[in-house]
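S.K.: The structure that follows is given in the form of structure tokens.
The numbers here are math on the coordinates, done by the rules we state, and not lab data. In this text the structure is predicted, and so the values were computed from the model without any measurement. Don't worry about glycine lacking a Cβ; one is built from the backbone with ideal geometry, like all the others, and counts go over all protein chains shown.
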Ligand SMILES: *Cc1c(COP(=O)(O)O)cnc(C)c1O
């Protein structure tokens, strides 16, 4: 794992240079879904502090087992209403807000002794490829609905683009989210500063296009065991 993490950090530095980005401006989040607590502990010992999970139940058992570590937890999966309370209580970031109703539930459940919950809006820019995400038609109304929600801190946008092989095509695809963020900042007088984009197969292109946070699973932990099946031990 050490050599994979070193390789990733080197690739991030190179992409920052290639994109004219400030060195160190891109945050690395390790996607630990379907990897067990020992793997997370090992990555922590190598120096990683930010970890992301897609399912509340799976995250919960890992958080309990790793409560002695100073981890920042990111939620990056689809959000069901009945999980909003747990998510608002236990995560530092939620990257996948797509609806006002879910945002209001997260806001209501965020404990007062914690800082506001950092959120990103997941945007669907490839309408045919994925159903997850708010559309361009709906994003204005969603942003407006967030302004009374003081327990949430809107930080930026997140996307999972349709898979593309060619790095230039990936770059162009990610640029759409960077442009959208600029447009929204101007139109709604916002200061969104987070672009959560880039996974193991496309993060160099995402960084060149302006990503500030990459979500990497297999590049750090190796190939995932069977998808969606997590066995506690
Ligand atoms: C699984 C997942 C990732 C990481 O995927 P890799 O290809 O393993 O890097 C990133 N973001 C989301 C939303 C995911 O579900």
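S.K.: Using square roots of five times the C-alpha gyration tensor eigenvalues, list the equivalent-ellipsoid semi-axes of segment 79-233 in whole Å, biggest first.
M.R.: So the equivalent ellipsoid measures 25, 22, 14 Å along its semi-axes.
S.K.: With labels modelled as points extended 7 Å from the Cα through the Cβ direction, what inter-label distance (nm, one decimal) is found for residue 126 paired with residue 80?
M.R.: 2.7
S.K.: At 25 °C and 0.890 mPa s, what whole-number value in µm²/s does Stokes-Einstein give for the translational diffusion of segment 1-111, with Rh from the Kirkwood sum over Cα pairs?
M.R.: After rounding, the answer is 160 µm²/s.
S.K.: Test of understanding: in a Gaussian network model of the chain with alpha carbons linked when under 10 Å, which of 223, 167, 53 would top the mean-square fluctuation ranking?
M.R.: Per the Cα network of the chain with a 10 Å cutoff, 223 tops the list.
S.K.: Please report, to one decimal in angstroms, the Kirkwood hydrodynamic radius of segment 125-195 built from all distinct Cα-Cα pairs.
M.R.: Values: mean 1/r = 0.0746 Å⁻¹.
Averaging 1/r across every pair of different Cα atoms and inverting gives 13.4 Å.
S.K.: Springs between alpha-carbon atoms under 10 Å, Gaussian network over the chain: tell me which of 72, 35, 95 tops the mean-square fluctuations.
M.R.: Sorting by GNM fluctuation, first place goes to 72.
S.K.: May I pose another question? Which value in nm describes the separation of the simple spin-label points at residue 45 and residue 183, placed 7 Å from the Cα toward the beta carbon?
M.R.: Distance between label points: 4.8 nm.
S.K.: Another question, if that's okay. Before rounding to the nearest 500, sum -39500 (n - 2.57) across all DSSP H runs of length at least 4 in the chain and divide by the residue total; then give [θ] at 222 nm in deg cm²/dmol.
M.R.: -12000 deg cm²/dmol
S.K.: Now a separate question. What residue among 210, 19, 198 has the largest mean-square fluctuation in a Gaussian network model of the chain, using Cα springs under 10 Å?
M.R.: 19
S.K.: If R0 is 45 Å, what FRET efficiency do you get for residue 151 and residue 2 from their C-beta distance, rounded to 0.05?
M.R.: E between residue 151 and residue 2, to the nearest 0.05, is 0.70.
S.K.: Taking the C-alpha atoms of segment 53-138, how large are the radius of gyration and the largest Cα-Cα span, Dmax, in Å?
M.R.: 13.6, 44
S.K.: Sticking with this structure for a sec: Output the relative contact order of the chain, whole-number percent, from Cα pairs under 8 angstrom with separation of 6+ residues.
M.R.: Across the chain, relative contact order equals 23 percent.
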